[in-house]
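One structure is given below, encoded as structure tokens.
The values are calculated or read from the model by the stated rules, or taken from the named source; none is laboratory data. In this text the structure is predicted, and so the values were computed from the model without any measurement. When we count neighbours, we look across all protein chains shown, and the Cβ atoms used for this are built from the backbone with ideal geometry, even at glycine. Side chains are part of the model used for accessible areas, which takes the heavy atoms of the whole protein and leaves out ligands, DNA and RNA. Shrake-Rupley method; radii C 1.70, N 1.55, O 1.52, S 1.80 Å.
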Amino acid sequence: MPRPTPAQIAYGSATVVISALAMLLLSQTRTGLGVGVVAVVALALGLLVAMTVPLPRTAARAARANEPQTTAAPGSAAASAPAAVSFAARRVTGRRAPARAGGSRIREHSLRR
């Protein structure tokens, strides 16, 4: 579970305090049971507000949101490819260097110098 952001904490706390004061003033309750009900409702409302505050966009989500949507023809290979393959293909950032023409280092072990 991700940690709450400062905005979530601030909005949730402000909602609890303001809604509790408003409900106590409007209901004019004096019993312990009434105050307890108001406190529980205020906490529930504060939790609801804190959970609905938009989360910050991560770089990965921002990149995916800015990516152009491509559509494939229904019978093409791209349409039948699994989603995991296309996601992995999107994560590749660069191309491999082309192989050398002579192939002189093919038999050379990486630990030998």
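Scanning the stretch 1-13 for residues that are open to solvent by 100 Å² or more (accessible area, probe 1.4 Å) and either part of a helix (DSSP H, G or I) or of a type in the set (A, V, I, L, M) (or both) yields Met1, Pro6, Tyr11. Out of (1) part of a helix (DSSP H, G or I); (2) at pLDDT below 90; (3) not hydroxyl-bearing (Ser, Thr, Tyr), what's the single condition that is false for Pro56? Failed condition: (1).
Restricting the first member to the stretch 1-22 and to residues that are more than 14 Å from Ala42 (Cα to Cα), and the second to residues that are of a type in the set (A, V, I, L, M) and in a helix (DSSP H, G or I), the beta-carbon pairs closer than 6 Å and six or more apart or on different chains are Gln8/Ala50.
Could you tell me which residue of the stretch 14-60 is nearest to the chain's Cα centre (by Cα), considering only residues that are open to solvent by 60 Å² or more (accessible area, probe 1.4 Å) and among the polar types (S, T, N, Q)? Looking at the filtered set, the residue picked out is Thr58.
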